[in-house]
Amino acid sequence: MKTNTEQIFTYLDEAASTDESLYLEQLIVACKKWAEGTAGPDLKVNATKEEIRRGLQLAILKGMRQNVQSHHQMTPDAIGMLIARIASLLLPHKESVQVLDPAAGTGNLLLTVMNTLEVPSAAVAVEIDELLARMIVAGADLMEQTIRIYVQDALRPLLVDPVDLAVCDLPVGYYPDDENALNFEMMPADGHAYAHHLFIEQTMHHLKPEGYGIFIVPSALFESAQSGELHTYLKKHTVIRGILQLPQTLFKNVAQSKSILMLQKPSEQNGPTPDVLLATVPDMTDKQAMISFFNKMEDWSNENVK
């Protein structure tokens, strides 16, 4: 007997496969019909939001392999779930949460976090690719999540109210618009700015005081040619709460390895500097190691998170 996730994927895949060249377009149509109640998978038990997300994710991955440029990569599920768990630990006393993802892609990371938070949430997603932005809308409707979408360059001015939490799988590379980059403190004196640096700066600007930013970053972030500008900015405008090295098994080679950077926007009142969480995430297939890791994270959050 197929699981709900498998049945959801089968329904979406069959509906989208009517025209392989327009798979993602057909996938959006299938999601809309399901959300409207005019079609959908034949499920024996109502699907959870996470079952819907995982089934949709499988279909999106198939469509992206066929139709989308290689630089559009979906955040691996294991990393998304880890960030969702971290977000829950950082926001233990919130009655509701406003979330921002300034490089939302298909919305998979953002929806993973929203589905996992134990309190009501609403979000803002920024995505420059119109097709991917429409995919976010389709997924949010299916999962009954409230997401406002901005289809634009996220490094241009954002008309977004400050949020409690931001999550972002940072786009890595140079930002080509030097004129716009001059509006950022991390624009270097020579050459192009790093887009991933500017995304951090833009995101921190849109956090509430004491709000958190959780970023997926290159593991060599602090060793790059522009690390001086980054260090200066972080020291001036943020509180570094943690750096988690992700397991190498998630990446094809060392050069592609990533870490999770946890930043907090300082409050208007200076308090004691909290302990920085420095850790290496164990192999995520090792259940006991992950239980021990999360226990340590909970101990840290109990001592260092208000």
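Being in contact with a Lys or Arg (Cβ under 6 Å, 6 or more places away or on another chain), under 28 Å from residue 302 (Cβ atoms), buried (at least 16 other Cβ atoms within 10 Å of the Cβ) and not aromatic (Phe, Trp, Tyr) is the requirement here; does residue 234 meet it? Walk me through it before giving the result.
Details: in contact with a Lys or Arg (Cβ under 6 Å, 6 or more places away or on another chain): no; under 28 Å from residue 302 (Cβ atoms): yes; buried (at least 16 other Cβ atoms within 10 Å of the Cβ): yes; not aromatic (Phe, Trp, Tyr): yes.
Criteria not met by residue 234.
Can you name every residue in region 204-225 that is surrounded by fewer than 20 Cβ atoms within 10 Å (Cβ to Cβ) and either over 20 Å from the mean Cα position of the chain (by Cα) or in a strand (DSSP E or B) (or both)?
208, 209, 210, 218, 222, 223, 224, 225
Just to be sure, is residue 104 in the same structural domain as residue 169 (by TED's automatic domain parsing), surrounded by 22 or more Cβ atoms within 10 Å (Cβ to Cβ), touching a Lys or Arg at 6+ places or on another chain (Cβ under 8 Å) and without any contact (Cβ under 8 Å) to a residue 60 or more places away in the chain? Steps first, answer last, please.
Details: in the same structural domain as residue 169 (by TED's automatic domain parsing): yes; surrounded by 22 or more Cβ atoms within 10 Å (Cβ to Cβ): yes; touching a Lys or Arg at 6+ places or on another chain (Cβ under 8 Å): no; without any contact (Cβ under 8 Å) to a residue 60 or more places away in the chain: yes.
It is false that residue 104 is in the same structural domain as residue 169 (by TED's automatic domain parsing), surrounded by 22 or more Cβ atoms within 10 Å (Cβ to Cβ), touching a Lys or Arg at 6+ places or on another chain (Cβ under 8 Å) and without any contact (Cβ under 8 Å) to a residue 60 or more places away in the chain.
It is to be established whether one or more residues within region 134-151 are closer than 26 Å to residue 234 by Cβ, touching a helix residue (DSSP H, G or I) at 6+ places or on another chain (Cβ under 6 Å) and either among the aromatic types (Phe, Trp, Tyr) or in a loop (DSSP other than H, G, I, E, B) (or both).
The first filter runs over region 134-151 and keeps only residues closer than 26 Å to residue 234 by Cβ, leaving 150.
Imposing the further condition that a residue be touching a helix residue (DSSP H, G or I) at 6+ places or on another chain (Cβ under 6 Å) reduces the set to none.
The answer is no; no qualifying residue exists.
For (1) hydrophobic (A, V, I, L, M, F, W, C); (2) more than 30 Å from residue 294 (Cα to Cα); (3) in contact with a strand residue (DSSP E or B) (Cβ under 6 Å, 6 or more places away or on another chain); (4) at pLDDT below 95, each residue gets a yes or a no:
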residue: 12; (1), (2), (3), (4): yes, yes, no, no
residue: 17; (1), (2), (3), (4): no, yes, no, yes
residue: 27; (1), (2), (3), (4): yes, yes, no, no
residue: 34; (1), (2), (3), (4): yes, yes, no, no
residue: 45; (1), (2), (3), (4): yes, yes, no, yes
residue: 55; (1), (2), (3), (4): no, no, no, no
residue: 62; (1), (2), (3), (4): no, yes, no, yes
residue: 78; (1), (2), (3), (4): yes, no, no, yes
residue: 88; (1), (2), (3), (4): no, no, no, yes
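Looking only at region 214-235, decide whether some residue is acidic (Asp, Glu), under 29 Å from residue 125 (Cβ atoms), without any contact (Cβ under 8 Å) to a residue 60 or more places away in the chain and assigned by TED's automatic domain parsing to the domain that holds residue 87. Steps first, please.
Taking region 214-235 as the starting set, the residues that turn out to be acidic (Asp, Glu) are 223, 229.
When the remaining residues are screened for being under 29 Å from residue 125 (Cβ atoms), the result is 229.
Imposing the further condition that a residue be without any contact (Cβ under 8 Å) to a residue 60 or more places away in the chain reduces the set to 229.
Now drop any that are not assigned by TED's automatic domain parsing to the domain that holds residue 87, which leaves 229.
Yes, the conditions are met somewhere in region 214-235.
Just one of 82, 91, 132 is within 12 Å of the chain's Cα centre (by Cα) and buried (at least 16 other Cβ atoms within 10 Å of the Cβ); which is it? Full working, then the answer.
Details: 91 fails: within 12 Å of the chain's Cα centre (by Cα); 132 fails: within 12 Å of the chain's Cα centre (by Cα).
None of the others qualify; the one that does is 82.
Residues in region 270-279: is at least one surrounded by 14 or more Cβ atoms within 10 Å (Cβ to Cβ) and of a type in the set (Gly, Ala, Ser)?
yes
Has region 138-156 got at least one residue that is in contact (Cβ under 8 Å) with a residue 24 or more places away in the chain and closer than 25 Å to residue 267 by Cβ?
Taking region 138-156 and keeping what is in contact (Cβ under 8 Å) with a residue 24 or more places away in the chain, we get 138-156.
Filter once more, keeping what is closer than 25 Å to residue 267 by Cβ: none.
No, region 138-156 contains no residue that is in contact (Cβ under 8 Å) with a residue 24 or more places away in the chain and closer than 25 Å to residue 267 by Cβ.
This table checks each residue for (1) under 21 Å from the mean Cα position of the chain (by Cα); (2) within 20 Å of residue 92 (Cα to Cα); (3) at pLDDT 90 or above; (4) in a loop (DSSP other than H, G, I, E, B).
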position: 267; (1), (2), (3), (4): no, yes, no, yes
position: 270; (1), (2), (3), (4): no, no, no, yes
position: 279; (1), (2), (3), (4): yes, no, yes, no
position: 283; (1), (2), (3), (4): yes, no, yes, yes
position: 294; (1), (2), (3), (4): yes, yes, yes, no
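The values are calculated or read from the model by the stated rules, or taken from the named source; none is laboratory data. This structure is a prediction, so every number in the text was calculated from the model and none was measured. Virtual Cβ from ideal backbone geometry, glycine too; neighbours counted across all protein chains shown.
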